[in-house]
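I have placed the structure first, in the form of C-alpha cells, so that the comments after it can refer back to it.
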Amino acid sequence: MELQHVNIKIFVDGDLAVAPARFVDVFHEWVREQSLDEMLIDVADYRHVPAGPGVMLIALEADYNIDQTAGRWGLRYNRKSAIEGTNHDRFRQALAGAINACHLLEAHFAADGPLTFSRDEFELFINDRALAPNTPETYASCKPEIESFVMDVFGHSDFALTHHSDVRSRFGVNIKLTKPLDPKVVLDALQRNA
C-alpha cells in the first residue's frame, strides 16, 4: 500500500506552558521569515473549536498546527502534497518536519515556559480515509512497515505500537518509546539519510 498524506503529532510534555494565542504571532513570524522547508502561506486561528485544531500554520506542501484533538496538546505535521519514494521515506520526511518545528518552538519559548514536547511518544497517521481506511486489515498491512521504520530511526525495538481502532478515526498508531529520544540526534539522522 502506497501511503501518502502522512501526519505526525508530537505531544506536549505535561501541560501546555504557553498560551495558545502566542502561537499566532510565532507562526506569522515563520511565514515572514520562511522559517521551514515548505512554502509558508498563512496562519489560521481555530482556538474557539473545543478539542480542535488550535492554531494552524498553512503551507503549500503541508500544514503545522498546535492542536488539542483528543484532549491532548501537541504539534501536528500534516503532509498534503504527495512525495515520491517509499512509505519509509514519507514517514521519515513527516517525522523530520514535526521534530524540526518542535525544536524551533522549544527554542523560541525557552525563557517563557518552558515549552517541552514529548521525547518518548508520538502519533503517526494517514490523513486519507480512501487510501487507508481504519480497518484491522489496514493495520495488519502497515504494522510491519511502521515497526521497521521506528526501529530504523530510533535504533532499537523498545517501543509499543497501539492502533487507534475506532472506525470513525483516521488510520493511525500511537508510538510509545521506552528510551527517550534526543530530538537533535534524531533530526540529524533523519536529514542525513533523506
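The values are calculated or read from the model by the stated rules, or taken from the named source; none is laboratory data. Quantities reported herein were computed from a predicted structural model and do not represent experimental measurements. Note that each Cβ is placed from the backbone with ideal geometry, even for glycine, and that neighbours are counted across all protein chains shown.
Brief remarks on what is shown
- Residues in the range 153-189 that are touching a residue at least 24 places away in the same chain (Cβ under 8 Å) and of a type in the set (Val, Ile, Thr): VAL153, VAL167, VAL173, ILE175, THR178, VAL186.
- On inspection, VAL18 fails the criterion of being of a type in the set (Val, Ile, Thr) and modelled with pLDDT of 95 or more.
Yes/no matrix, rows are residues, columns are (1) under 19 Å from LEU161 (Cβ atoms); (2) out of contact with any Lys or Arg (no Cβ under 9 Å at 6 or more places or on another chain); (3) modelled with pLDDT of 95 or more:
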residue: HIS88; (1), (2), (3): yes, yes, no
residue: PHE91; (1), (2), (3): yes, yes, yes
residue: ALA94; (1), (2), (3): yes, no, yes
residue: GLY113; (1), (2), (3): no, yes, no
residue: ASP120; (1), (2), (3): yes, no, no
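- Scanning the range 80-121 for residues that are touching a helix residue (DSSP H, G or I) at 6+ places or on another chain (Cβ under 7 Å) and among the hydroxyl-bearing types (Ser, Thr, Tyr) yields one hit, THR116.
- Within the option set ALA19, ALA107, being more than 21 Å from LEU181 (Cα to Cα) and surrounded by fewer than 22 Cβ atoms within 10 Å (Cβ to Cβ) holds for one residue only, ALA19.
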